[in-house]
């Protein structure tokens, strides 16, 4: 694990800044390309441009996957909590939480494990 720092730190230069720019999920591809060209004199070829775009998509994909997993865990815990505290069935708990029909079977299978 590397602490990349952040803009404004005196140590936010060189390789740390380069890694931060490349791995940032907060910077858009155009901003990354501009920083790479202006601050690091890296010429943007078509290949490099596509690599920068891939890295941007990768970090967004990881973020979206994390949100999906977190939401699923939270929903499962909420279902279990309603079942334990209010003595609801799994179906009743999912209805109370407005779990979409197409997701109910998946949650039901995870509750039975």
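Just so it is clear, none of the values below were taken in a lab; they were calculated from the coordinates. Because the structure is predicted, anything quoted here is derived from the model rather than measured.
Secondary-structure-derived ellipticity at 222 nm for the chain, considering helices only, amounts to -23500 deg cm²/dmol, per-run term -39500 (n - 2.57) for DSSP H runs with n ≥ 4.
For the chain, the longest principal axis of the C-alpha atoms and the axis of helix 101-111 are separated by about 80°. Helix 46-85 and the longest principal axis of the Cα set of the chain meet at an angle near 20°.
Applying the Kirkwood pairwise sum to the alpha-carbon positions of the chain produces a hydrodynamic radius of 17.5 angstrom.
Extension gain, residue 69 to residue 19: 0.36 nm times the residue separation minus the Cα-Cα distance gives 15.3 nm.
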